[in-house]
1. Specify the residue that is farthest from the chain's Cα centre (by Cα); the eligible residues are those in the range 102-142 that are buried (at least 23 other Cβ atoms within 10 Å of the Cβ) and more than 26 Å from E322 (Cβ to Cβ).
2. State whether one or more residues within the range 144-157 are assigned by TED's automatic domain parsing to the domain that holds E95 and in a loop (DSSP other than H, G, I, E, B).
3. From the set of residues in the range 268-283 that are among the aliphatic types (A, V, I, L, M) and touching a residue at least 40 places away in the same chain (Cβ under 8 Å), which is farthest from ligand 2 (Cβ to nearest atom)?
4. Anything in the range 213-254 that is surrounded by fewer than 15 Cβ atoms within 10 Å (Cβ to Cβ) and polar (S, T, N, Q)? List them, or say none.
5. Do you know which of the residues in the range 302-314 that are more than 10 Å from ligand 2 (Cβ to nearest atom) and in contact with a strand residue (DSSP E or B) (Cβ under 8 Å, 6 or more places away or on another chain) is farthest from G142 (Cα to Cα)?
6. Examine the range 60-81 for a residue that is over 16 Å from E223 (Cα atoms), buried (at least 20 other Cβ atoms within 10 Å of the Cβ), hydrophobic (A, V, I, L, M, F, W, C) and out of contact with any helix residue (DSSP H, G or I) (no Cβ under 6 Å at 6 or more places or on another chain), and state whether such a residue exists.
7. Among the helices (runs of 4 or more DSSP H) contained in the range 237-339, which hold 3 or more residues that are within 25 Å of E165 (Cα to Cα), away from ligand 1 (no atom under 14 Å from the Cβ) and at pLDDT 95 or above?
8. Can you name the number of the only condition in (1) away from ligand 1 (no atom under 13 Å from the Cβ); (2) of a type outside the set (K, R); (3) assigned to a helix (DSSP H, G or I); (4) under 27 Å from K280 (Cβ atoms) that L226 fails?
Amino acid sequence: MLVVMRHDATPEEIEGVMRTIREMGYEAQATPGRQRTAIGLIGNDGKVNSDRVESLPGVLEIIHVSQPYKQVSREWRPENTVVTLDNGTRIGAGEVCVMAGPCSVESEAQIIGIAHRLRDAGATILRGGAFKPRTSPYSFQGMAEEGLKLLAKAREETGMAVVTEAIDNESLDLVAKYADIVQIGARNMQNFSLLRRAGRAGKPVLLKRGMAATVKDLLLSAEYLLAEGNPHVILCERGVRGFDTHTRNLLDLTAIPVVKSLSHLPIIADPSHGTGLRAKVTPMARAAVAAGADGLMIEVHPDPDRALSDGAQSLFPEQFGELMEQIAVIADAIGSRLVPPLVPREARAAGSA
Ligand code: PEP
Ligand code: MN
């Protein structure tokens, strides 16, 4: 339930509504808006009797949130959530952001070298796993903290923001220390204790759709993050399990407009894990931008044939450059644009000399 206050409601009237909600046994959360304050009632699992609140002074209207998720719903917050990173990248502001990089951080030369190429092609966020949730225990599991340090070094050198995955409580604390965005992967989308911890980590969270999760499941998982007080959440469609073996997963691009109508949170698409096939990544990246995605996550490797994970779906750097040029045109055609590229440090230094 959302209580919308009149634009001339006094602080005492707002406090009166909050007190009444608490007396009814729920939590109250005030969101001051440009025009008026809205007070959300949290903690209910069904329709709340609003009689007591309706008649309080200063109340304009009561909106019953019809969905099981509350704070992530558009009913709760009609305006889009915009997540702003330290390097100026805004996600959800009507621009297409691009997160790119190898599946795993493998060495200093690999991650620093590719970061420069990706930044020069226009990506503003660097991806790379340091903790890898691998299907087989014998596969490469990631460089752990050493990998996080290399990502931080790449950020230092290129100005790119860093997104990387946390797979458990221990890695979450480390990832939150080094990264700009904490990624919760498909396999952990319903790891509710990890979600709660991520909601308290003090960093934006990229939440990937589970491979057997409905859009409702995804939004309810996001609700865990917001319920812990973290409004900076980015959703990611990365494909669900299908019956057709031609692709690794079934990239559900309808989820993009569906989520946009149900929620104010930004949603990006990951055609790399969504298809599992290098040749299918670019067409589906183009389609995701055309569908209105707020961004893309793309795996790119300097030498995909020698990648320690997901080489078959990783683009060559040249292919990534072409993809960036194509999606810029598509974004333009739908009244959007790519997040402006970062200015290389050398150029910044030359400009200020
Ligand atoms: C990844 O992004 O590296 C990853 C493992 O993705 P997902 O959780 O979508 O499988
Ligand atoms: Mn991968």
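1. G142
2. Initial filter on the range 144-157 (assigned by TED's automatic domain parsing to the domain that holds E95): 144-157.
Retained after the next criterion (residues that are in a loop (DSSP other than H, G, I, E, B)): 144.
Checked the range 144-157: at least one residue is assigned by TED's automatic domain parsing to the domain that holds E95 and in a loop (DSSP other than H, G, I, E, B).
3. Step by step, filter the range 268-283, then rank; the result is I268.
4. T214, T245, T254
5. P304
6. No: the range 60-81 contains no residue that is over 16 Å from E223 (Cα atoms), buried (at least 20 other Cβ atoms within 10 Å of the Cβ), hydrophobic (A, V, I, L, M, F, W, C) and out of contact with any helix residue (DSSP H, G or I) (no Cβ under 6 Å at 6 or more places or on another chain).
7. The qualifying helices (runs of 4 or more DSSP H) are 255-262, 278-290, 317-333.
8. (4)
The values are calculated or read from the model by the stated rules, or taken from the named source; none is laboratory data. Worth saying up front: this structure is predicted, and the values here are computed from it rather than measured. Backbone-built Cβ (ideal geometry, glycine too); neighbour counts: all protein chains shown.
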